[in-house]
Every structure is written in C-alpha cells, then in structure tokens.
C-alpha cells in the first residue's frame with residue numbers, strides 16, 4: 001500500500017500540477033477505481049480505495065477518498081482532492097496504479113530482508129540481501145567511522161585508511177563531512193539522504209542506525225556500479241532499521257571481551273595499589289609505558305545503561321579514537337586512562353575531532369580530569385572526573401567534552417552541606433542588587449555577573465549584554481553607587497564571582 005501523501009507528490013511531479021484539498025497524507029491506498037455514471041454511488045465504505053471522478057455528482061461515505069480531475073472543489077467535503085486541469089483520467093489511473101504495483105513489489109523485498117533478520121543470519125547476511133536490491137556497494141560503520149562490515153568486501157584507499165585490522169575513515173574525509181554539516185544531518189535526520197563525496201568523486205546514500213535518540217552506526221551506499229534510484233532511499237532506511245535491531249540483539253557479540261589490562265586498571269581505580277614501581281612494572285609487562293602526564297576520562301549518557309547496548313561496544317571504539325588511552329568498564333560506565341606528554345591538552349586535533357563526532361552521535365559526554373603525574377593518585381582523579389557528570393543532572397551543556405577546570409568550584413561546593421549554610425556565603429551586595437532590580441526593573445545583577453565572568457573586561461561585557469560600552473560604564477558606575485563600593489577592588493570582585501558560582505550551583509530560586 002502507498003501513503004496518500006506520496007501519491008499526491010507523484011501526481012504533482014509527473015503532471016506538473018497542484019493537487020488541492022485536504023486529507024490524511026498517511027492514509028494507505030491499495031487500489032484505485034473510477035467513479036463513472038451510473039456507478040458513481042457507493043453506499044458501503046471500502047478502506048484503502050482511492051476513487052477517481054470527473055464530476056462532483058457522486059454519493060460516497062464521508063470516509064472515502066476522492067480525487068476530482070478537471071473539476072474544482074465546490075464544497076468542503078472531507079477527504080476530497082482535486083486537480084483543476086484537463087488531464088486524461090486513464091493516464092492518472094495508470095500512474096497511481098503503477099506506484100501501487102511498485103509498492104507491492106517493494107513490500108515483498110522488505111519482507112525478504114526482515115526474514116533474514118529473523119533467521120539470525122547476522123549483519124553480513126542482511127547486507128548481502130540489501131546489496132542485491134541496491135546493486136551498489138554498501139557498508140555499515142560504527143560511530144568512529146570504522147567499517148564493521150561491507151558488501152562486497154570493502155577496499156577504498158581514497159576515503160579510508162587501514163589501522164590495525166580495521167579500515168577507518170580518513171581525517172580528510174571527516175573534515176569534508178563537517179564542511180557540509182553532514183554529522184549534524186546524520187544526527188538529526190531519521191531518513192536516508194543523498195550527498196556527493198568530492199574526495200571519491202561519487203554520489204553516496206547515507207542513513208544513521210538509531211537506537212532510541214542516539215546514532216550507533218551509519219549505513220553508506222556508493223553509486224559505483226549502477227545509478228541510484230529513488231527507491232534506494234527506502235531500501236537503505238529499512239536496512240538501517242534492521243541493523244538497529246541486529247545491534248540490539250547482538251550487542252554483546254559486537255563488543256570485545258575483557259581486555260588484558262582490565263584487571264590492573266580496576267585494582268588501580270579502586271585505590272588498592274601502593275607501590276608505584278610495581279604499577280609501572282605491571283604496565284610495562286602488558287606492553288604499555290606510562291607517560292609524563294595522565295588523565296582520567298569518564299563517559300556517560302542514558303544509553304550507557306540501556307539494557308539493549310553493551311557498554312563494551314563503546315570501549316572498542318574509544319580505544320581506536322584515542323590510541324594513547326586504555327578504556328574499560330568501571331562501575332558500569334566506560335572510563336579511560338589516557339597517557340600524554342603534554343599537560344596543556346589531552347587530545348591531538350584529530351583525536352578531538354573524532355571524539356566530538358563520536359560523542360555527539362551517541363549522545364555521550366566525556367568528563368576529563370586535571371592531568372596528574374603519580375599513577376597511584378588515579379582513584380582521586382577518577383572521582384574528580386566522575387564529579388563533573390553530577391552536573392549533567394542540573395544542566396545540559398552545549399558541548400560534549402567537559403573539563404574539570406571548568407567545574408572545579410562546583411566540585412568543591414557539592415561537598416558543602418546543607419544548602420542553607422552555603423546560601424549564607426553569597427555576598428550581601430549581590431542580594432542587594434537582586435532586590436534593587438526587582439524593585440526598579442533594572443538589570444544590574446546580571447550586568448555585574450557578566451562583568452566578573454568576562455575577566456573584568458568592559459568590551460567583552462558590553463558585547464555579551466549587546467549594549468554600547470558607554471551604557472555599560474554607566475551601569476557599572478550606578479552599581480558602585482548602589483552598593484557604595486569601588487569596583488576596582490580585586491578581593492571584592494573575587495567574592496562577587498564566588499557568589500555567582502554559588503547561585504549557579506544552588507539555583508537563584510533557592511535563595512530566600
């Protein structure tokens with residue numbers, strides 16, 4: 001059966017006309033019939049039928065859908081469409097009927113694809129059936145853009161590079177996807193879409209493999225052997241749905257078992273090791289040399305605890321993204337011990353780009369600790385990293401990689417209980433400004449907040465508030481007058497900044 005909305009689109013495209021009227025575009029049509037005298041009265045409602053008529057002189061149940069040809073709508077009858085152009089009714093009938101026949105054929109092919117899924121043939125068997133319909137190469141990648149399976153066996157040195165036993169998309173190809181905003185499109189769109197790959201010089205068809213709100217894989221078909229057809233979009237969408245089910249069924253099979261370093265890391269994270277030389281020796285025996293600096297990265301999102309997904313599925317991909325890291329499952333959550341020779345940044349530019357894409361597609365967040373040098377302090381920096389994720393419950397950040405440096409003060413405030421004594425640490429000048437704003441409908445508290453958070457920079461503050469700098473200086477002077485203080489006092493400004501952090505932590509509405 002064909003959705004009525006799709007039939008309307010096909011008629012408008014084929015005949016270059018406008019179909020008027022209102023109807024439910026999702027209503028399914030299985031057959032098309034003419035309404036011609038004396039058979040223009042149908043007393044009993046027949047579902048899934050589209051009636052073609054050349055006159056408004058008919059008698060049908062209200063539920064029946066009618067398409068008028070070369071006739072204008074003269075009454076607001078429900079489920080009535082019209083083409084006010086002199087078209088040949090037989091041509092219209094044939095176009096609609098051909099789409100219905102194609103739909104029946106496609107439905108049979110979809111059933112065949114789903115029968116493979118039910119038979120337990122696995123990802124490769126599903127791809128083989130899809131390839132027989134698409135007649136073009138098709139692959140499924142994980143969200144690290146590493147190929148899980150391809151039919152025919154994939155080998156494309158232009159877009160992909162070999163890393164160990166895997167083929168992974170080159171950084172140049174990923175940057176090209178970013179320029180065309182394809183990562184966002186994959187994340188936001190539930191439908192397949194065509195795009196052109198400038199690097200390989202061919203058209204491709206993409207569709208995200210989704211589980212709940214997250215994208216856990218990507219189907220890519222390349223227009224290499226045969227030209228794409230419009231129906232290929234439906235094939236790829238069905239393929240993505242099937243692969244989603246298969247990944248949920250076989251999540252454990254896609255994920256690797258316990259890694260050789262996992263036992264050592266668990267003991268280290270539990271704080272049960274006290275001999276630094278012994279720990280370094282154990283890492284060396286496993287083939288890893290500790291770097292000058294270490295980071296702990298904790299990953300979290302709703303999907304990690306989803307019963308359909310084994311979190312080890314993510315561990316395998318994370319180890320490919322950050323090759324200087326050792327990822328494993330700790331307290332049911334993916335965690336990484338990352339080695340680095342630089343304290344300034346834990347990631348290279350390429351790692352950060354790949355990690356951001358991976359996190360966004362999977363709706364994950366990465367919480368990064370401060371760098372540290374003594375491996376025996378791992379448990380403390382794990383707590384530091386895990387503390388950051390506490391604030392995801394209060395606010396959803398606009399980035400997926402979170403650094404403890406930005407949440408350090410919140411980490412300290414979290415351990416101050418109860419909240420009422422913490423409220424008393426808010427400087428009274430801030431509360432005075434709040435009360436003044438409420439009484440006089442001004443914005444001085446927000447102005448002061450922006451000023452202290454913009455490193456006391458007047459131009460940055462004016463830009464953030466979208467006001468002229470002279471307006472900002474007037475407000476700053478007025479704030480000084482209201483509070484009776486000089487805003488050149490560094491100690492006072494630090495206390496104001498601390499107060500705003502406390503307000504952010506406990507919430508303005510919590511302040512009495």
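The values are calculated or read from the model by the stated rules, or taken from the named source; none is laboratory data. All of these numbers come straight from a predicted model, not from anything done at the bench. Cβ placement follows ideal geometry from the backbone for every residue including glycine, while neighbour counts extend to all protein chains displayed.
Details
- If the condition is being within 26 Å of residue 409 (Cβ to Cβ) and either part of a helix (DSSP H, G or I) or not assigned by TED's automatic domain parsing to the domain that holds residue 442 (or both), then segment 477-496 contributes 479, 480, 483, 490, 491, 492, 493, 494, 495, 496.
- Count - residues of segment 198-233 that are in a strand (DSSP E or B) and either over 18 Å from residue 317 (Cα atoms) or without any contact (Cβ under 8 Å) to a residue 60 or more places away in the chain (or both): 10
- Looking across segment 311-345, the residues that are within 20 Å of the chain's Cα centre (by Cα) and either assigned by TED's automatic domain parsing to the domain that holds residue 215 or part of a strand (DSSP E or B) (or both) come down to 333, 334.
- Residue in segment 351-359 that is over 20 Å from the mean Cα position of the chain (by Cα) and more than 20 Å from residue 213 (Cα to Cα) present: no
- Considering (1) in contact (Cβ under 8 Å) with a residue 24 or more places away in the chain; (2) over 36 Å from the mean Cα position of the chain (by Cα), the lone condition that residue 480 does not fulfil carries the number (1).
- On inspection, residue 50 qualifies as in a strand (DSSP E or B), within 41 Å of the chain's Cα centre (by Cα) and either surrounded by 15 or more Cβ atoms within 10 Å (Cβ to Cβ) or modelled with pLDDT under 85 (or both).
- Screening the candidates 231, 211, 168 for the property of being surrounded by 18 or more Cβ atoms within 10 Å (Cβ to Cβ), over 17 Å from residue 146 (Cβ atoms) and at pLDDT below 90 yields one hit, 211.
- Of residues in segment 175-195 being outside any loop (DSSP other than H, G, I, E, B) and more than 26 Å from residue 242 (Cβ to Cβ), the one nearest to the chain's Cα centre (by Cα): 178
- On the stretch given as segment 111-124, residues that are at pLDDT below 85, part of a helix (DSSP H, G or I) and surrounded by fewer than 17 Cβ atoms within 10 Å (Cβ to Cβ) total 7.
- Matching option when the condition is surrounded by fewer than 16 Cβ atoms within 10 Å (Cβ to Cβ), at pLDDT 90 or above and part of a helix (DSSP H, G or I), among 451, 474: 474
- Flag if residue 236 is surrounded by 15 or more Cβ atoms within 10 Å (Cβ to Cβ), at pLDDT 90 or above and part of a helix (DSSP H, G or I): yes
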